[in-house]
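The values are calculated or read from the model by the stated rules, or taken from the named source; none is laboratory data. From a predicted model like this one, the values you see are computed outputs, not experimental measurements. When we count neighbours, we look across all protein chains shown, and the Cβ atoms used for this are built from the backbone with ideal geometry, even at glycine. Ligands, DNA and RNA are stripped out before the accessible areas are found, and what is left, the full protein with its side chains, is counted by its heavy atoms. Shrake-Rupley method; radii C 1.70, N 1.55, O 1.52, S 1.80 Å.
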Amino acid sequence: MIIVMAPQSTEEHIEAVVERLEQLGYEHHISRGVQHTIIGAIGAPEGEKEMLAEQLSVLPGVDNVVPILKPYKMISREHNPRPATVFIGDAAIGGGHLGVIAGPCSVESREQMIQTGTAVKAAGACALRGGAYKPRTSPYSFQGLGPEGLEYLAAARETTGLPLVTEVMDVRQVERVAEVADCMQIGARNMQNYDLLKEAGASGKPVMLKRGFAATVGEWLTATEYIASSGCLDIILCERGIRTFETTTRFTMDIGGMVAARRETYLPIVADPSHATGLSSLVPAVALAAVAAGADGLLIEVHPRPDQALSDGPQSLTPAAFADLMKRIRRVAEAVGVEV
Ligand code: PEP
Ligand code: MN
């Protein structure tokens, strides 16, 4: 529930509310606005909410007590209205900072990661991506280099200074991946793997949760709540396209859904035009559209030789095409008032 303090309420009034919530064992989050201070409280059992709301509403300085009815609470704007900035290493994403995460689909070699990392950094990317563990539709497709891939990622960070985003596919990998990743990606196919969401949420590392390609915005946000309720609020959401009747593009970028999700949560949302379109020639226009629509960042696949990529070559930009796109992204970002 949300406790809205009256404009004339004092620090003592706020402390008294917090003390009462702590006594009852509820988690809380304070947002100090210009007019109102708002305290979000999580954890009241359904049956006790009404009574608690009544008790809190009579404390001095309390203006109003509003229940949160949605299944996602800790991540909702009702709980915390201010857009959050999430850091991947030293890279800021959200709250007015547009972060571009770039790199190959799969980690293939040390040289490939260093070469790509150096190129995307020079072009203005804030983080390097690459999968060591790959969720592939076919068991006969390249499955990723596993621990060796994590080693190459770490080497690329060492050389370029870029923080790393890499996917974790299974609870058994969380500890090992968390040692290397600056942000752990949970992929579309695992969006509702609740054990993985909980384990990643408890790992101490930021988590990027991709939208499942058959998940509604509500299901995506509710899955995100699993990570938050496991102790992690450094969460980035990623809209990566959903499955529709349309087959011209690999998936269908749901820009409207991204904007709707952004209205519901204060957490940053990045867009992934690479997986959404599946075609490198469509990536730039969809990337620019996402930034214009308010995305807090982008996830873009870049490969030094897309024709030789072991996965997702057709949707990967060359370093030169990525550098050109970054220039255009800067112009759109300026127009919508965010910094790259
Ligand atoms: C990826 O980022 O390479 C990936 C596998 O993405 P998704 O989970 O969105 O398919
Ligand atoms: Mn990919």
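Against the definition (under 18 Å from the mean Cα position of the chain (by Cα), under 27 Å from His79 (Cβ atoms) and open to solvent by less than 10 Å² (accessible area, probe 1.4 Å)), how does Leu164 come out, yes or no? No. Residues Lys205, Lys198: which one is outside any helix (DSSP H, G or I), away from ligand 2 (no atom under 16 Å from the Cβ) and touching a residue at least 12 places away in the same chain (Cβ under 8 Å)? Answer to the selection: Lys205. For region 179-199, a residue qualifies if it is under 22 Å from Tyr152 (Cβ atoms) and within 15 Å of the chain's Cα centre (by Cα), and the qualifying residues are Ala181, Asp182, Cys183, Met184, Gln185, Ile186, Gly187. Residues that are of a type in the set (A, V, I, L, M) and touching a strand residue (DSSP E or B) at 6+ places or on another chain (Cβ under 6 Å) within region 187-216 comprise Ala188, Ala200, Val207, Met208, Leu209, listed in sequence order.
Of Glu179, Glu148, all but one fail to be farther than 17 Å from Lys205 by Cβ, among the acidic types (Asp, Glu) and open to solvent by 10 Å² or more (accessible area, probe 1.4 Å); the exception is Glu148. With the requirement that a residue be open to solvent by 50 Å² or more (accessible area, probe 1.4 Å) and in contact with a Lys or Arg (Cβ under 7 Å, 6 or more places away or on another chain), what does region 26-76 give you? Answer for region 26-76, where residues must be open to solvent by 50 Å² or more (accessible area, probe 1.4 Å) and in contact with a Lys or Arg (Cβ under 7 Å, 6 or more places away or on another chain): just Pro67.
In the set Val302, Val291, Val332, only one residue is in contact with a helix residue (DSSP H, G or I) (Cβ under 6 Å, 6 or more places away or on another chain) and within 14 Å of ligand 2 (Cβ to nearest atom); that residue is Val302.
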